[in-house]
Structures are given as structure tokens and as C-alpha cells.
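> Before we start, here is the structure in question, set down as C-alpha cells.
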Amino acid sequence: MDVSIGRQARRRRPKGRAAVQRNLTAYGFLVGALVCFALFSWYPMVREVILSLQKNNFVSAPIWVGLDNFRTVISDSAFWTAWINTVEFTVLALFIGYVVPFFSAIILNELRHARAYLRFVVYLPVMLPPAVSVLLFKWFYDPGSGLFNEILGFFHIPPLSWLDSSSTALVSLVIVSTWMNLGSGTLIYLAALQTIPSELYEAAELDGAGLLRRLWHVTIPQTKLILLVMLLLQIIATMQVFIEPFMLTGGGPEDATVTVAYLMYQYAFNFGNFGGGGALGLMLMLVLIVFSVIYLRVSREEQH
Amino acid sequence: MSLTLQRPVRPPAEAARRSKGRTGRLATTQFRTLVSPHALNTRRGRTVYWIVLAFMLVSFTLVFIFPLYWMITGALKSSEELSQIPPTLFPKGGFNWDSYKQAWDLLDLGLLLKNTVVYATGAWLFTMAIDVTAAYALSKLRPIFGKVILGGMLATLMIPPMVIMLPLYVTVLDLPILHVNLLNTPWAIWLPAAANGFNIFLLKRFFDSIPRELLEAAQMDGASPTRILWSIVLPISRPILGVVSIFTIVNVWRDFVWPLLVLPDTEKMTISVAINSLSQTMPQNSLTAALVVASIPTIVVFFVFQRHIMAGLTAGGLKG
């Protein structure tokens, strides 16, 4: 008995040492990532909350002010305008940016020619630096010699003032943003469509289902989850819209294109009020996290 | 996230196209999609097919290629020609590189390109060194609290990048504990790029699929974890390393908001940020030339690594 215990203990000891050794090596490998994530991901989340509760000019010591920053931001007349614009932007972007890629993918999936070209072309704008696309469209929107008014003139349609009028400015931003991002959705849907088993279509056809009924009863149910996932991702992505108003309109004309993310930037870098910016960021984060949580649930469901 | 990294499957239509040559038909019964192959092989079906194909070709080319054509030719026109109404479809003076030269001098494009390359390369090196080792440790060495750490890293995917921008900026101005200011240094791009939960996710998933026996055999032979990582895991993982590398480099190249905030010094700017900040003061044709220069690298990368990029997109491009 004594001997067997001793043997067990002896056997366990090197194993224990090996485990310690393994853990040490593992943490050696992990230390870089832990430092980076701690400094640049985890801490900033905490910092956001601190930022929103303090008055801080980065010269003298910060003062805790409770919810004052939130009160200041909410009482700002641009606050609700920014939220309405953001929601409007997101909804408009969904109209084109969600429906068009899906139907493009359906058609692409039917084509037997030029597929490689069409896939390449639709994804090209996604690869361009966004700043390039936005500046390119800024030139197209030019009311004087811009491409878009030339095209309208060609069809004898009176020119539009695009970015300069509060009625068309937001739509103009949606057009740029959609042009830049259409490709990824199209290709993701195309990949999803290719996983639909042929038998389903054949069976539906044997049951006498026409093209539209097959679309409704086979294609859409089979891609339902990816459609939902993409909807949520697109909402999350477009609600953060910043670069378009920043580069094209500066929030104008008459606050018609001020978005929440742009207002956040303005608070911090134009008004020097990081507390207000932090408060806005926190509010936007809370809204978007709701969508993120739904997204996680949906994609977990898809996994099963 | 249910996105598995799979090898790009040959699109079924390509197989169909191959047999088309032999049968002379548009659709075969090998693989079918929404449209019935029988309908497609009728006279009416074929007519509709060619009309739809022509429509797709024309509309996609007009919508996605024509703006780029306008950009490239615009950069070759003189200022007078650019403001001319109606505009010219082809540049009159042939290839006039003056606006490129002007853009190069006005913007100091050489310096900007160099800066952007330095930021992208550094970010790539740090991402590789930090994320690969971390994913390997989490996948194969499985230390205590490994699950918690992984959870913490993946949780960062839920945080939309734009909303964390301000606190991240404030952090970079004065790093906690170290009290270093990274503003206007490449570190402000390199280190945050490595804190990428999505890379950890992709890499760990791939490492998980490497059979345990393979590594255990090497361990028996006395190979250290570092050696196993270097000589066994990395060579097997080339596909995923390629995807992560391309996305890291392209993302740094395309990024606008973060470099705008942390590299405000004209000497340190990335090409995107500098073009935007000087766009008001430049004549349109040299601005357009600068836009062409800024987009060439990404287009070249796309040409060369198209398959990797599309595989990465459908594998896990569903990043928030």
C-alpha cells in the first residue's frame, strides 16, 4: 500500500510540474495579447464610463459631476436631431443596402457567365479606402460640373443641389455609404445561396411551385438566419455613421446630416467637451449593444 | 458566430459552365438553383437569361466601374477640361501626367505612402506576433482561466469601434500606469491593431482543428511548445495566416477615423487622412490623381489575393 501511494505521488508530481510549466508557457505566450487587450479594449470601456461622469479639460484634475454631462447633451437641440438623422440614415441605407444585395445575389447565382467579373466588380468599392470613395462622390455631387448633375442634364432633368440642400443631403450620404458597402452583403448572400440543396428546389417544382413561390418557400426560409444576421450587422454598422457627414457636409446644412457619432466627435474635438462626447458614446453604445446581443443569440441559433 | 472557415468551394455554376461547352445548353441537371434548368433551356428561357445577363453586366459596370473610370480619366484631364460642360468622356490631351506630378509635390505623396506602409507593416507584425501566440496558447496549451480570457477577448467584438473611439483616444494620450503619450507615434496604430478579438477568434478556431495527436507526437520527441508552434502549427495554418494578414494590412490602409485622431501631425499622417485634410486647397485634377494613388495598393491587393479575400469574407467577414 505504502509503495503504491508513493508511486502515485511520484507519478503525480512530474505531472503537476508539467502543468505548472504548461501554464507558465501559455501565459508567456498570452502576455502580449493580455497587455494589448487590457490597454486598448477593456480599459477604454471603463474609461468611457469615467469620461461620461467627469468634467475633464486634461489640464487640471478632473471633477466628478454625476450625470451632468448627460443632462447637457440631452438638452442640446442637436441631440434629438442627431438621433433622428441617424435612424433615418440607417432606415434609408437598409432600403437599398439590404434589399438590392439580396436580389443581386439571387440573380448572380442563376448566371452561368461572367460571374467572376460581376463578383469582382461588386466588391471593388469595398476594397477602396473609404476616404477615397467619399471624396470621389463629393466631386460627383458638385453642383457646378459634378458628374451627377451632368447625367441629370443629359436626361433633361433639372440639377439637384445634393449636399447643399437640407432635403437631399442625407440621401446623398446614404448613396455614398451604400455604394461603398453593397459588395460584402452581395457576396455573403451568394455564398449562403450556394448552400441550398438542389433537392429542395426540385421537390418544390414537382409540387408545382412556380418561380416566385420557390423564392418565397425555399430560398428565403433557407437563408432566413443569414438574412437576420446581416440585418443586425448592418444596423450596427450604419448607426455608427461618421466619415460621410464628417467629410462631406460637416453636419450641415442646418444640422440635416448631424449623426450621433458625428455629434460625439464635435463635442470632444470642436467643443473640447470630452465628458459630453463620452456621454453620447455611452448612449450609442447601449443602443448598439442591444442589437449585438440579439445578433449573438441569432448566430448561436444558426450554429445549432 | 457560426462562420466556419472553409476552403472556397468551387461555385457550382462553374462546373455547370464547363459542361455547357459540351452540351451547348445553358443549364445542366448537375446542380440546380431557383430557376428550373428545363425552363432555362427553352427558347424563351434562354432569351430571358441573356437579357438578364446583359442587364447585370451593364448595370454593374455602370454603377461600380464607371465611377472609377471617371476618377482615373479625371486625373488625366486639365483643370479647364474638367470644368467643361458637357464633360469629355475621354481625356483630350491623351495621357497627361501633370496632375499626378502636381499631386505628388503638393501632398508629398511619397512621404504619405511611406508612412502608411510603415503603419500597415508594423500593425501586421504585431498582430502576427501577438494574436498568433495568444490563439495558440488558448487553443493548445489551455491554461487556467483560458476560457475567461477568451471570453473577454471575444466580448470586445460586441463593442462598436466608433463608440469606443473617444475613450481609446484618451487612453492613448496617457497610457494607464506607464503614463506614456502615444500621440503622433506609430505605436498608436500598431498596438491597438493587435487587440483584435476577431483575429483571435479566427486563429483559435483554426488551431482547434489541428489534430491533437500531431502535436503530442512532437511533444514526445521533446519539442518545446515554441518549437511546435513554429515548426508544426504555423506551416499548417498558412491559409488562415494569409487571411488574417491581408485583412490586417488592408484595414490599416483603409482606416480613416483612428489615424485622423492619433496622427494629427502633417508629417505623420496616413494617405487617406492627408488627402482629406488638403482636399479643399487642391485643384480637382490633382486631388483626383491623389485618390487614384491612394486606391492603387488596395486594388492591386484585391487583384492578387481575390480568392483569399472572398474566402475570408464569407468565412468570417461578418464582423460587426
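Read-outs: derived from the displayed coordinates by stated rules, not from any lab. Note that the structure is a prediction, hence the values are computed from the model and not measured. Backbone-built Cβ (ideal geometry, glycine too); neighbour counts: all protein chains shown.
> Among A:Phe29, B:Phe207, A:Met230, flag the residue with its Cα farthest along the positive direction of the charge dipole of the protein assembly as shown, charges on Cβ as +1 for Lys/Arg and -1 for Asp/Glu.
About the Cα centre, the residue reaching furthest to the positive side is B:Phe207.
> Report, as an integer, the average count of C-beta atoms from other chains found within 10 Å of each Cβ along B:129-136.
For peptide B:129-136, the averaged partner shielding equals 5.
> Right, something else. Could you please rank B:Arg307, B:Arg32, B:Arg43, placing first whichever residue has the fewest other Cβ atoms within 10 Å of its Cβ?
B:Arg43, B:Arg307, B:Arg32
> Compute a Gaussian network model of chain A, connecting alpha carbons closer than 10 Å, and tell me which residue from A:Ala26, A:Ala114, A:Ala203 fluctuates the most.
In this elastic network of chain A, the residue with the biggest mean-square fluctuation among A:Ala26, A:Ala114, A:Ala203 is A:Ala26.
> Next up: If the only charges are +1 at each Lys and Arg Cβ and -1 at each Asp and Glu Cβ, what is the size of the charge dipole of the protein assembly as shown around the Cα centre, to the nearest 20 debye?
3160
> Between A:Gln54 and residues 5 or more places away or on another chain, which pairs have amide H atoms under 5 Å apart, with H built 1.01 Å from N, and which residues are they?
Sorted by chain and number, the residues that satisfy this are A:Val65.
> On to the next question. Which whole-number percent is the relative contact order of segment A:69-303 (Cα, under 8 Å, 6+ apart)?
In percent, rounded to a whole number, it is 30.
> Give me the distance in nm between label points sitting 7 Å out from Cα along the Cα-to-Cβ direction at B:Leu57 and B:Arg307, one decimal.
2.5
> Hey, if you put +1 on the Cβ of every Lys and Arg and -1 on every Asp and Glu Cβ in the protein assembly as shown, which of A:Thr186, A:Tyr267, B:Ala223 ends up farthest toward the positive end of that dipole?
B:Ala223
> Given the rule -39500 (n - 2.57) for each run of at least 4 DSSP H residues, summed and divided by the residues of chain B, what is its mean residue ellipticity at 222 nm, to the nearest 500 deg cm²/dmol?
Value at 222 nm, helices only: -18500 deg cm²/dmol.
> Would you mind computing Rg(Cα) / (2.2 N^0.38 Å) for segment A:1-151, counting N as its residues?
Rounded to two decimals, the normalised Rg is 2.00.
> Hey, fewest Cβ within 10 Å first, where do A:Thr195, A:Thr257 land in order?
Ordered by Cβ neighbours within 10 Å, fewest first: A:Thr195, A:Thr257.
> Taking every pair of alpha-carbon atoms in chain B, what share in percent sits in each 20 Å bin, from 0 to the bin with the longest distance?
Calculated P(r), rounded to whole percents: 23, 45, 29, 3.
> Please give me the summed charge of the neighbours of A:Gly275: other residues whose Cβ is under 9 Å from its Cβ, Lys and Arg +1, Asp and Glu -1.
That works out to 0.
> Quick one: order A:Ile175, B:Ile200 by neighbouring beta-carbon count within 10 Å, fewest to most.
By the 10 Å Cβ count, ascending: A:Ile175, B:Ile200.
> In addition: Just to be sure I follow: if Rg is taken over the C-alpha atoms of segment A:172-227 and Rh is the Kirkwood radius over the same atoms, what is Rg/Rh?
So for segment A:172-227, dividing Rg by the Kirkwood Rh gives 1.15.
> Between B:Asp105 and B:Thr88, what is 0.36 nm times their sequence separation minus the Cα-Cα distance? Round to one decimal in nm.
3.5 nm
> Using alpha carbon coordinates only, what is the Rg to Rh ratio of the protein assembly as shown, with Rh defined as the Kirkwood radius?
Ratio of gyration radius to Kirkwood radius for the protein assembly as shown: 1.00.
> What are the DSSP H helices in chain A that stretch 20 Å or more along their long axis, judged by alpha-carbon atoms, and whose average Kyte-Doolittle hydropathy comes to at least 0.0?
Once both thresholds are applied, what remains is A:77-110, A:169-193, A:224-239, A:274-303.
> According to a simple spin-label model (label point 7 Å from Cα along Cα-to-Cβ), what is the distance in nm between A:Ile50 and B:Asp98?
Roughly 5.7 nm, to one decimal.
> Checking the table A:Lys55/A:Lys138; B:Lys101/B:Lys268; A:Lys138/B:Lys77 against a 26 Å threshold on Cα-Cα, which pairs fail?
A:Lys55/A:Lys138, as the Cα separations exceed 26 Å there.
> Can you give me the P(r) profile for segment B:108-281? Cα pairs, bins 5 angstrom wide beginning at 0, each as a whole percent.
1, 8, 15, 17, 17, 14, 11, 8, 5, 3, 1, 0, 0, 0
> Would you mind giving the average projected area, over all directions, of the Cα convex hull of segment B:230-320 in nm² with one decimal?
8.3
> Further question: Each label point is 7 Å from the Cα along the Cα-to-Cβ direction; what then is the distance between the points at A:Ser161 and A:Phe271, in nm?
2.7
> Moving to a separate point now. How long are the three semi-axes of the equivalent ellipsoid for chain A, computed from the Cα gyration tensor as the root of 5 times each eigenvalue, in whole Å, largest first?
44, 37, 18
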